[in-house]
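Everything below concerns the one structure shown next.
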Amino acid sequence: MTDNLIIKGIEFKSRLWVGTGKYKDFQETKLAIEASGADVVTVAVRRTNIFDNKSDNLLDYIDPQKYKILPNTAGCFTVEDALRYSRIARETGISDLIKLEVIGDEKTLFPDVCATLQATEILAKEGFIVLPYINDDPIMAKRLVDAGAAAVMPLAAPIGSGLGIRNPYNIKIILEQATVPVIVDAGVGTASDVAVAMELGCDAVLLNTAIAGAKDPIAMATAMNHAVKAGRLAFTAGRIDRKLYATASSPIEGML
């Protein structure tokens, strides 16, 4: 029996997805990704050199035959920019998958929800498998699905903040109404944050800074690998109900 995530017919063996920014070099990036156990690696099309074969290239260290490369539109602040870089990624043969980011504010890096919705609708009609980054907003999550999103990616907290899931109740509402996978994206700080997301029932977690910014990125990647598996197993196992009063662990029937 397998418990793999499937999006639009694409099977993902790991529920931990990782980014490639902020590492000291490509070799550390490679080692951290290997330790994470992830099979999805997201790459910023606008910021990362993946098209120039004449210089050191990230894809020289991350084998596209081994990993699913997920292009993202990080750094895009308009619909037009997001569309442009999504199309560049597909035209170069990377993937039909796109992690859609349309940022609304440079300081907070919160998404521009109106622009994200517009771009999602356009890209979905063009045949992209759109995975939009959004606030933890159940209404917008539903509208994005209606617009053609193949999954929704609500933030746990602001990008790179390491605060963990600030509003588990909104995430829970998104999960309850979702008809597509829900992938927590942004704000994770440590392994326990990943476990919490998975125990809530999220389908996957995408993170970058929590590993790349750790004192020992390889060790943290390993911790995240264990956390996503433990959290998913705990969710599928079904936790006990919370109770106000104590309940004896040992049976009391038949006691003298």
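Out of the DSSP beta bridges found with both residues in the range 1-122, what percent are antiparallel (nearest 5)? Here the antiparallel bridges make up roughly 30 percent for the range 1-122. In the chain, the longest principal axis of the Cα atoms and the axis of helix 217-237 are about 50 degrees apart. Note on Asp3 and Arg239: the extension gain reaches 83.2 nm, defined as 0.36 nm multiplied by sequence separation minus the Cα-Cα distance. Rounded to the nearest whole Hz, the Karplus-based 3J(HN,Hα) values (6.51 cos²θ - 1.76 cosθ + 1.60, θ = phi - 60°) of the range 99-109 follow the sequence 8, 8, 10, 10, 7, x, 8, 5, 7, 8, 6, with x at glycine and proline. When both bridge partners sit in the chain, DSSP labels roughly 15% of those beta bridges antiparallel. Under 5 Å between amide hydrogens, built in the peptide plane, is the criterion, and for Leu97 it picks out Ile129 among residues at least 5 positions away or on other chains.
Helix 79-91 and the longest principal axis of the C-alpha atoms of the chain enclose an angle of approximately 80°. Dimensions of the range 158-251 from C-alpha coordinates, computed as largest minus smallest value along each principal axis and given longest first, are 48, 33, 20 Å. Label sites at Asp216 and Glu80, each approximated as a point 7 angstrom past Cα along Cα to Cβ, lie 5.0 nm apart.
Label sites at Ile122 and His226, each approximated as a point 7 angstrom past Cα along Cα to Cβ, lie 4.6 nm apart. Sorting the segments 202-210, 76-84 by their mean number of nearby beta carbons within 10 angstrom, highest to lowest, gives 202-210, 76-84.
Across the range 68-181, the volume of the C-alpha convex hull divided among the residues equals 97 Å³ per residue. Given a Förster distance of 22 angstrom, what is the FRET efficiency for Leu163 paired with Glu106, based on the Cβ-Cβ distance and rounded to 0.05? With R0 = 22 Å, the Cβ-Cβ based efficiency is 0.70. Close amide H partners of Lys68, meaning residues 5 or more places away or on another chain with modelled amide H under 5 Å apart, are Val40, Val41. When the inverse distances between all different Cα atoms of the chain are averaged and flipped, the Kirkwood radius reads 18.8 angstrom. Counting only Cβ charges, +1 for Lys and Arg and -1 for Asp and Glu, the dipole size of the chain around its Cα centre is about 240 debye. Using 0.36 nm per residue and subtracting the Cα-Cα separation, the extra length available between Asn170 and Ile88 on full extension is 26.1 nm. Think of the chain as having a plus end and a minus end, set by charges on the Cβ of Lys, Arg, Asp and Glu; of Val145, Thr222, Leu83, Thr222 sits farthest toward the positive end of this dipole.
Bear in mind these aren't lab numbers, they're just calculated from the coordinates by the rules spelled out. These numbers were taken from a predicted model, which means no experiment stands behind them. Cβ sites come from the backbone with ideal geometry, for glycine too, and all protein chains shown count toward neighbours.
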